[in-house]
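> One structure coming up, written as structure tokens, with questions to follow.
The values are calculated or read from the model by the stated rules, or taken from the named source; none is laboratory data. All of these numbers come straight from a predicted model, not from anything done at the bench. A quick note on method: Cβ atoms are made from the backbone with ideal geometry, for glycine too, and the neighbour counts reach across all protein chains shown.
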Amino acid sequence: MTDLFDPIETMGASRETMAMGAVLLRGAALPFESELLAALRDITVHSPFRHMITPRGYTMSVAMTNCGAAGWVTDRTGYRYDRHDPETGNLWPPMPDCFLALAIAAATEAGYPLFQPDACLINRYEPGARLSLHQDKNERDFANPIVSVSLGLPATFQFGGLKRNDPISKFALRHGDVAVWGGPSRLCFHGVPELKHGHHDLLGAMRINLTFRGAL
Ligand code: SIN
Ligand code: FE2
């Protein structure tokens, strides 16, 4: 490897098992931090964050946008992946190289070396925002894991089982942490309770989450 650092080796530093097939790679995104934030700014110029409407008519407290070949969207008609940003009518911005490199390195480190993400949902939490317990199941092929990158303010990650009522474990997600779940835990319920107030040096009063999927 000719790179200045080997991202996979850097990631090896600290890993926690969340469940069978699910790991938390502590600080794995830190080597990519400034590139990720610069790329994120470019994306949001073209496809700004917006609060989407659920099929039941609720406005989500988490603001969202996407990049990649497809983006996750919700409106009164349901949840789906769409190649176009419904707000602009344009294709979603392409997946930046640094996003792709981090997602693939993290998936590989977690035991999913074949992951080729084609969609990245970008979640923006402000204090008070939350994401209730759900499964990620709008993707076509569950052989792909989910790779989820945390930036900015810390949050609690609720990670449960395959049934909504299964017991839930809680993990602190801090700036730079990457969670990966696939295989036997691919359809586990997960969620993020209300973000607490705080200030992050790079992001201020905000948490950003990048969720990579193989959607199409
Ligand atoms: C998600 O499930 O889409 C987001 C999880 C997170 O914000 O960590
Ligand atoms: Fe999710």
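> Which of the residues spanning the range 119-137 are surrounded by fewer than 19 Cβ atoms within 10 Å (Cβ to Cβ) and either without any contact (Cβ under 8 Å) to a residue 60 or more places away in the chain or away from ligand 1 (no atom under 11 Å from the Cβ) (or both)?
Residues satisfying the conditions are GLU126, PRO127, GLY128, SER132, LEU133, HIS134, GLN135, LYS137.
> Still on this structure: Taking the condition of being away from ligand 1 (no atom under 15 Å from the Cβ) and either in contact (Cβ under 8 Å) with a residue 24 or more places away in the chain or in contact with a strand residue (DSSP E or B) (Cβ under 8 Å, 6 or more places away or on another chain) (or both), how many residues in the range 103-113 meet it?
7
> Does at least one position in the range 192-201 carry a residue that is closer than 23 Å to MET60 by Cβ, in a strand (DSSP E or B) and modelled with pLDDT of 95 or more?
yes
> Shifting gears a bit: For the range 140-165, which positions are within 23 Å of ARG207 (Cβ to Cβ) and not in a strand (DSSP E or B)?
Correct list: PRO145, LEU153, PRO154, GLY160.
> With GLY176, GLY204, GLY182 as the choices, which residue is closer than 15 Å to MET18 by Cβ and either under 13 Å from the mean Cα position of the chain (by Cα) or more than 10 Å from ligand 1 (Cβ to nearest atom) (or both)?
GLY182
> With respect to ASP141, is the statement that it is more than 25 Å from THR59 (Cβ to Cβ), surrounded by fewer than 16 Cβ atoms within 10 Å (Cβ to Cβ) and either within 14 Å of ligand 2 (Cβ to nearest atom) or at pLDDT below 95 (or both) true?
When the stated conditions are applied, ASP141 passes them.
> For the range 166-191, which residues satisfy the criterion of being touching a Gly at 6+ places or on another chain (Cβ under 7 Å) and part of a strand (DSSP E or B)?
Across the range 166-191, the qualifying residues are TRP181, HIS190.
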